[in-house]
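The values are calculated or read from the model by the stated rules, or taken from the named source; none is laboratory data. Quick caveat, the model's predicted, so the values are computed rather than measured. With ideal geometry, Cβ positions are generated from the backbone for all residues, glycine too; neighbour counts draw on all protein chains shown.
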């Protein structure tokens, strides 16, 4: 009885070993796909779109993008506690929106962004089907840049 049991176990061992040999190369490929991208690879995958290029922005609604342009002005809603970092016309151009709940992430406020070349990173949305915007919740979504412009 022990001999039959041992033979069955050996057959199972050979079967499973062969199966692992056949499948393992495919698993290695899946592991490579599952690896996380490095920050530089991730940044390279996110497109930089000029704030003034409305057509390019429209094409990216719903996607994560980096929008670059010169901030025309920074304003705050009278009653709602929302800060608007405007890159274009007040109601038509691209805007980065910061709600009061995120203000603690910006101890220096927002006035320093006015008239600066800035990159904004986040999910591009269309507010009320009109205004192109990105909602800002953390300071790393805003970056003052220098050098060549995206225009």
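So here's what we get for this one:
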| item | result |
| --- | --- |
| Residues that are in contact with a strand residue (DSSP E or B) (Cβ under 9 Å, 6 or more places away or on another chain), in a loop (DSSP other than H, G, I, E, B) and at pLDDT below 90, drawn from region 56-114 | 77, 88, 90, 91, 92, 93 |
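Table: residues versus (1) buried (at least 18 other Cβ atoms within 10 Å of the Cβ); (2) free of Cβ contacts under 8 Å to residues at least 12 places away in the same chain; (3) in contact with a helix residue (DSSP H, G or I) (Cβ under 8 Å, 6 or more places away or on another chain); (4) outside the structural domain of residue 119 (by TED's automatic domain parsing).
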{"position": "50", "(1), (2), (3), (4)": "no, no, yes, no"}
{"position": "54", "(1), (2), (3), (4)": "no, no, no, no"}
{"position": "59", "(1), (2), (3), (4)": "no, yes, no, no"}
{"position": "64", "(1), (2), (3), (4)": "no, no, no, no"}
{"position": "67", "(1), (2), (3), (4)": "yes, no, yes, no"}
{"position": "79", "(1), (2), (3), (4)": "no, yes, no, no"}
{"position": "85", "(1), (2), (3), (4)": "yes, no, yes, no"}
{"position": "88", "(1), (2), (3), (4)": "yes, no, no, no"}
